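The values are calculated or read from the model by the stated rules, or taken from the named source; none is laboratory data. Because the structure is a prediction, the values reported are computed rather than measured. Glycine also receives a Cβ, built like all others from the backbone with ideal geometry; neighbour counts cover every protein chain displayed. Calculation scope for accessible area: heavy atoms of the full protein, side chains included, ligands and nucleic acids excluded. Shrake-Rupley method; radii C 1.70, N 1.55, O 1.52, S 1.80 Å.
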Amino acid sequence: MIQLSNVSKHYDNLTALRDINFSVEKGEMLFITGPSGSGKTTLLKLIYLAERPDEGTINVGDWELNTIKESNIPLLRRNIGFIFQDFRLLNNKNVFENVALALRIRGVDEKGLKVRVFDALKEVNLRHKSDSYPLALSGGEQQRVVIARATVSDPTIILADEPTGNVDPDTAAGIIRMFKDINAKGTTILIATHNRDLFMGSGRRVLKLDMGNLVGEAAG
Ligand SMILES: Nc1ncnc2c1ncn2[C@@H]1O[C@H](COP(=O)(O)OP(=O)(O)O)[C@@H](O)[C@H]1O
Ligand SMILES: [Mg+2]
């Protein structure tokens, strides 16, 4: 589903990623870990084509990202739910509208849209908060809205960057349980985190980055 071959990424004279090789099977859920600055976010951005590699090739599904046509990039991104580290919900829109936005852009009709948004909110136990505004929610609730926003369009891949960055350990465990449920339905999920509690005992593959190098792989 995702394959990186000899991928390097430089920022000026800093090497953010060096000669990275790995692949992710369809339906896998795996973790990318490593200290701050080790290249986790950069790696996810390359897969989403928010950044381009300086060397190497990246395949996502049937696409080869160095040669993908401009016109196919929106299509690629539609298949990917990206949960950004600094999740920005629109504070002037309620929870329903924040989740609905991606579907509105795609012209989904109002009736189908309602069903899908409420389904996504139900999955993250926030159906009852659909009329609330982001600033009236706790950090954990906001993070769950972000997950609903990423899943509402049924992406084949979810990329989650520090998805439990701003929440307490219990909420973090709940969020990981949600990812497992989503993964059990077939979605491929990559989670970047420096928090080992998230993957210890999970039995999932864990890739370890250090200063831009892929230094190991273990079972969590
Ligand atoms: N847009 C950028 N411009 C310059 N340097 C960057 C940029 N993005 C990331 N970096 C650098 O690349 C390295 C890897 O960053 P990042 O991928 O954000 O690491 P992580 O997510 O593991 O904390 C860091 O040294 C960071 O400072
Ligand atoms: Mg990061």
Exercise for the section: Any chance you could count how many residues in segment 159-181 are open to solvent by less than 30 Å² (accessible area, probe 1.4 Å), touching a residue at least 40 places away in the same chain (Cβ under 8 Å) and more than 16 Å from ligand 2 (Cβ to nearest atom)? Expected result: 2
Completion exercise
When segment 7-52 is checked residue by residue, the ones that are more than 10 Å from ligand 1 (Cβ to nearest atom) and in a helix (DSSP H, G or I) are ILE47, TYR48
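Pick from segment 86-123 the residues that are within 16 Å of ligand 2 (Cβ to nearest atom) and open to solvent by 80 Å² or more (accessible area, probe 1.4 Å): which of them is farthest from VAL145 (Cα to Cα)? Spell out how you get there, then give the answer.
Kept after step one, since they are within 16 Å of ligand 2 (Cβ to nearest atom), are these residues of segment 86-123: 86-88.
Now drop any that are not open to solvent by 80 Å² or more (accessible area, probe 1.4 Å), which leaves 86, 88.
Details: ASP86: 13, ARG88: 11 Å.
Here the answer is ASP86.
Taking segment 16-46, which residues are within 16 Å of ligand 2 (Cβ to nearest atom) and open to solvent by 30 Å² or more (accessible area, probe 1.4 Å)?
Filtering segment 16-46 for residues within 16 Å of ligand 2 (Cβ to nearest atom) gives 16-17, 20, 31-46.
Those that are within 16 Å of ligand 2 (Cβ to nearest atom) and open to solvent by 30 Å² or more (accessible area, probe 1.4 Å): PRO35, SER36, GLY37, THR41, LYS45.
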Practice task
Being of a type outside the set (Asp, Glu) and part of a helix (DSSP H, G or I) is the filter; apply it to segment 63-85 and report the residue that is surrounded by the fewest Cβ atoms within 10 Å (Cβ to Cβ).
Solution key: SER71
Exercise for the section: Within segment 182-206, work out how many residues are within 16 Å of ligand 2 (Cβ to nearest atom), out of contact with any helix residue (DSSP H, G or I) (no Cβ under 7 Å at 6 or more places or on another chain) and within 18 Å of PHE82 (Cβ to Cβ). Expected result: 1
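Suppose the filter is under 22 Å from ILE47 (Cα atoms) and buried (at least 22 other Cβ atoms within 10 Å of the Cβ); does ARG149 pass it? Give the steps one after another, and end with the answer.
Details: under 22 Å from ILE47 (Cα atoms): yes; buried (at least 22 other Cβ atoms within 10 Å of the Cβ): yes.
Spelling it out, ARG149 is indeed under 22 Å from ILE47 (Cα atoms) and buried (at least 22 other Cβ atoms within 10 Å of the Cβ).
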